[in-house]
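The values are calculated or read from the model by the stated rules, or taken from the named source; none is laboratory data. Not measured: the values here are computed from a predicted model. No Cβ is skipped: glycine too gets one built from the backbone with ideal geometry, and neighbour counts run over all protein chains shown. For accessibility, only protein heavy atoms count, side chains too; no ligands or nucleic acids. Shrake-Rupley method; radii C 1.70, N 1.55, O 1.52, S 1.80 Å.
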Number of protein chains: 2
Amino acid sequence: MKSYHQMSKKELLEEQEKVVAQYEALKKRGLTLDMSRGKPSSEQLDLSRKMLDCITSESSCISEEGIDCRNYGVLDGIKEAKEFIASMVDASAENVIVYGNSSLNLMYDTIARAMLHGIMGNTPWSKLDKVKFLCPVPGYDRHFAITSHFGIEMIPVPMKSTGPDMDMIERLVKEDESIKGIWCVPKYSNPQGYSYSDDTVKRFAKLKPAAKDFRIFWDNAYAIHHLYEEKQDVILNILEECEKENNKDLVYEFCSTSKITFAGGGIAGLITSQNNIKDIKKQMGIQTIGHDKMNQLRHVKFFSEIVSLKEHMKRHANILRPKFETVLTILENELSGLEIGEWNRANGGYFISFDSLEGCAKRIIALAKEAGVIMTPAGATYPNGIDPLDKNIRIAPSLPSIDELEMATKLFTVCVKLASLEKLL
Amino acid sequence: MKSYHQMSKKELLEEQEKVVAQYEALKKRGLTLDMSRGKPSSEQLDLSRKMLDCITSESSCISEEGIDCRNYGVLDGIKEAKEFIASMVDASAENVIVYGNSSLNLMYDTIARAMLHGIMGNTPWSKLDKVKFLCPVPGYDRHFAITSHFGIEMIPVPMKSTGPDMDMIERLVKEDESIKGIWCVPKYSNPQGYSYSDDTVKRFAKLKPAAKDFRIFWDNAYAIHHLYEEKQDVILNILEECEKENNKDLVYEFCSTSKITFAGGGIAGLITSQNNIKDIKKQMGIQTIGHDKMNQLRHVKFFSEIVSLKEHMKRHANILRPKFETVLTILENELSGLEIGEWNRANGGYFISFDSLEGCAKRIIALAKEAGVIMTPAGATYPNGIDPLDKNIRIAPSLPSIDELEMATKLFTVCVKLASLEKLL
């Protein structure tokens, strides 16, 4: 197709007339579709149905170490659940704290603890004049919502296909003691689907921050969430790399089964050094007697007795892959050559990241909404919801059906064309 | 039996010789018993076994309002779970937020939020020079651990059989703006088993604290945890009373199913005014996408399809009552008339509170431990673990078997005698 940038004004006007007609026609269909959030579909949730049979009234509820999982106790999780979480991210069970149903809650609590009680004896962040976080952008809106909520200043760091700009990160953490952390989604990043290169992970492990209580918040949310059997990203193990660099307290790694079993009823885990675990457990012991061990046991049984984690993730991929392909094919067919948008083709994760022409993202989202398709709000992938170039849009293909995705993506491309034409004219 | 206080020195010495011999004999039996924590027994946990069959792979996981409980979403709980929690404490579902598996965690988070973000627009407590809490004593050690953890100064308020000293509370909250809250266990209090009188509840509802962000932390942990069919305490509904007094934002009420279904795998609830709910949800929405709705659904199904809550609590009582009776009978048989201890005979709850002679509690606990019986540490029922008179001991009869309780209580009475004799001689 001919690039919009090479069209004459007349051609652009003709194109606009055509696209407006397409838009109006689609609008008349009264769509109500949602491509806004990374929610698993029912079909994906059904993959874990049998987990519900793993503990019944006939089952033993006693853990390997003889713990009655129904009762109080065991602050950091039963042994076999630690082993299971460890297996998800290639860690040791001794480095794991098993949490409740939400890794977001775990991340929030980790920051809340640092605010109120400080990390390993350091001044609580709430007592400092200024606390800053580095935020690779585009990134995950709920990360930014947490840091914003605590009044933490967010410094955007540009993402590249190899990970965030490490030159910038190394320079900033070395010179500014008020920088206390960085949000990372190291594998199949949200929203771009990038995985950090070996060099990036090694440079993270070597960081020498001015702040002793600087921590990398390593949200390994998509550690095993591949889309393809034959194309799988592999990232270095950050805890191991930090260990090599004698920097082992630098990282809090997070993961959960929310996009593996039940989004609202999974288990989450924190993976970190012994020093950090000791520090956190001391404070966690005031907060709770322990998280739900029954659900821990249920998960462990499911993945040892019913299905292997690897096979289970393959089944997820088989559901997700055609959805991603549907979106990508339509983007390709409708937009390639027009030079009005760029997008990623990731090997895993939950999102497709779309960059429009500068200043068009908000308009595209608004046009889509007007025609009945809800997208993630423009700007959501940036701290405080402000995308300075107003161009990044996160597409979440997991929840709608293929038919719905076809309609929604078709409409989306029409909105992209329309907003781009408005800009160019 | 003759009071120790009326014995001559010679009689006391003779008694001591006898008691020492009993103690040594018991010690030789090498007991390892635990009367320290209010954990339900396996037999009690078994009462909820059928709950595990309430959701299987064949079940619908869709809530009344059409929510797929497996997926993300619903910050404050599914409708039917709100209704269930509301039914436990005679409230309206609209006043309920359903939480995760731990009301302790919920209380901790409520205070953490007040510390970091403030209550309804007021200054966050962490920004104030001084924050104080009133602590009815004896009380629950984990409440005090939370306030202590946040650096909140705790002011002990004596408990009476009608509830805490209201004259003192009214005076203190009126004159001191730094007093921000009070811990209450209004029914079958921990450890004494007292229930607040109507007058006490009404006076709470009428409080006019100097601090606008003062809140009553109303931990209704034993709302339906009766021991007897025919003797049940009834307390006034604090939310209703506050409403009458135009004071409806004054209370956060907490409850959970930890001592109803599974201690580690239940659901918890916060019951409070619409203003408070709005304030809390705004902050909670940053912390999590939602708590485990599958467990909410499981609980609702169990208590609507398998057993009524009332019948279920009767079954708990049938297991607990003989245990309480065993302890009380031995205390009665061994100690009555000696004037070396006083204890309560509550109609519900989880504890028996024992007051020794002043200065004897620590010694009694140490003697018991030496002979293999773990009791709640002396002082645990007071802020910072300091019982100024060193006399209160919390006995938790729920976990051991009747046989074990007989041995442990027998030993306990011997330790009480021994420590008392040491003091009197």
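Taken over the range A:46-69, the criterion of being open to solvent by 10 Å² or more (accessible area, probe 1.4 Å) and at the interface with another protein chain (Cβ under 8 Å from one of its Cβ atoms) is satisfied by A:ARG49, A:LYS50, A:ASP53, A:THR56, A:SER57, A:SER59, A:ASP68.
So that you can scan it fast, the table gives a plain yes or no per residue for (1) within 14 Å of A:GLY30 (Cα to Cα); (2) of a type in the set (A, V, I, L, M, F, W, C):
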{"residue": "A:LEU367", "(1), (2)": "yes, yes"}
{"residue": "A:ILE386", "(1), (2)": "no, yes"}
{"residue": "A:LYS391", "(1), (2)": "no, no"}
{"residue": "A:ILE395", "(1), (2)": "no, yes"}
{"residue": "A:ILE402", "(1), (2)": "no, yes"}
{"residue": "A:LEU405", "(1), (2)": "no, yes"}
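Is it true that some residue in the range A:139-148 is in contact (Cβ under 8 Å) with a residue 24 or more places away in the chain, of a type in the set (S, T, N, Q), open to solvent by 30 Å² or more (accessible area, probe 1.4 Å) and within 9 Å of another protein chain (Cβ to nearest Cβ)? Checked against the condition, which is being in contact (Cβ under 8 Å) with a residue 24 or more places away in the chain, of a type in the set (S, T, N, Q), open to solvent by 30 Å² or more (accessible area, probe 1.4 Å) and within 9 Å of another protein chain (Cβ to nearest Cβ), the range A:139-148 yields at least one hit. Take the residues in the range A:119-131 that are open to solvent by less than 30 Å² (accessible area, probe 1.4 Å) and aliphatic (A, V, I, L, M); name whichever of them is nearest to the other protein chains (Cβ to nearest Cβ). Per the criteria, the residue is A:VAL131.
Every listed requirement among (1) surrounded by 18 or more Cβ atoms within 10 Å (Cβ to Cβ); (2) without any contact (Cβ under 8 Å) to a residue 40 or more places away in the chain; (3) β-branched (Val, Ile, Thr) is met by A:THR261 save one, (2).
Condition check ((1) of a type in the set (D, E, K, R); (2) touching a helix residue (DSSP H, G or I) at 6+ places or on another chain (Cβ under 9 Å)) across all residues:
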{"site": "A:LEU33", "(1), (2)": "no, yes"}
{"site": "A:SER42", "(1), (2)": "no, no"}
{"site": "A:ARG49", "(1), (2)": "yes, no"}
{"site": "A:CYS61", "(1), (2)": "no, yes"}
{"site": "A:GLU64", "(1), (2)": "yes, yes"}
{"site": "A:ILE78", "(1), (2)": "no, yes"}
{"site": "A:LYS82", "(1), (2)": "yes, yes"}
{"site": "A:ALA91", "(1), (2)": "no, yes"}
{"site": "A:GLY100", "(1), (2)": "no, yes"}
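Applying the selection to the range A:33-45, what residues are open to solvent by less than 60 Å² (accessible area, probe 1.4 Å) and more than 10 Å from chain B (Cβ to nearest Cβ)? Those that are open to solvent by less than 60 Å² (accessible area, probe 1.4 Å) and more than 10 Å from chain B (Cβ to nearest Cβ): A:LEU33, A:MET35, A:SER36. Looking at (1) over 18 Å from B:GLU406 (Cα atoms); (2) open to solvent by 10 Å² or more (accessible area, probe 1.4 Å); (3) assigned to a loop (DSSP other than H, G, I, E, B), which is the only condition B:GLY379 fails? Single failed check for B:GLY379: (2). Among the residues of the range B:247-257, those identified as within 15 Å of the chain's Cα centre (by Cα) and open to solvent by less than 10 Å² (accessible area, probe 1.4 Å) are B:GLU253, B:PHE254, B:CYS255, B:THR257.
Per this entry, A:ILE238 is not counted among residues that are under 30 Å from A:GLY66 (Cα atoms) and open to solvent by less than 10 Å² (accessible area, probe 1.4 Å). Checked against the criterion of being open to solvent by 20 Å² or more (accessible area, probe 1.4 Å), within 23 Å of the chain's Cα centre (by Cα) and not small (Gly, Ala, Ser), the range A:85-93 has at least one qualifying residue. The single residue among B:GLU358, B:GLU342 that is under 27 Å from B:MET154 (Cα atoms), touching a strand residue (DSSP E or B) at 6+ places or on another chain (Cβ under 6 Å), open to solvent by 10 Å² or more (accessible area, probe 1.4 Å) and not aliphatic (A, V, I, L, M) turns out to be B:GLU342. Within the range B:256-294, if we keep just the residues that are outside any loop (DSSP other than H, G, I, E, B) and facing chain A (nearest Cβ under 7 Å), the residue that is farthest from A:ILE146 (Cα to Cα) turns out to be B:MET294. Among the residues of the range B:90-122, the ones that are over 22 Å from A:ASP292 (Cβ atoms) and outside any helix (DSSP H, G or I) come to 8 in all. The residues listed here are A:LEU106, A:LEU116, A:LEU134; of these, the one that is within 14 Å of chain B (Cβ to nearest Cβ), open to solvent by less than 40 Å² (accessible area, probe 1.4 Å), under 18 Å from the mean Cα position of the chain (by Cα) and on the phi < 0 side of the Ramachandran plot is A:LEU106. Taking the range A:148-200 as the range and being out of contact with any Leu (no Cβ under 7 Å at 6 or more places or on another chain) and part of a helix (DSSP H, G or I) as the test, the residues that pass are A:SER148, A:HIS149, A:MET166, A:ASP167, A:MET168, A:ARG171, A:LYS174, A:GLU175, A:ASP199, A:THR200.
Out of curiosity, is B:GLU11 part of a loop (DSSP other than H, G, I, E, B), more than 14 Å from chain A (Cβ to nearest Cβ) and acidic (Asp, Glu)? The answer is no for B:GLU11.
Being assigned to a helix (DSSP H, G or I) and over 23 Å from the mean Cα position of the chain (by Cα) is the filter; apply it to the range A:55-82 and report the residue that is farthest from A:LYS259 (Cα to Cα). Residue satisfying both the conditions and the ranking: A:LYS79. Please tell me if B:GLU17 is at negative phi, open to solvent by 90 Å² or more (accessible area, probe 1.4 Å) and not in a loop (DSSP other than H, G, I, E, B). When the stated conditions are applied, B:GLU17 passes them.
Residues that are at negative phi, in a helix (DSSP H, G or I) and within 14 Å of another protein chain (Cβ to nearest Cβ) occur at least once in the range A:303-311.
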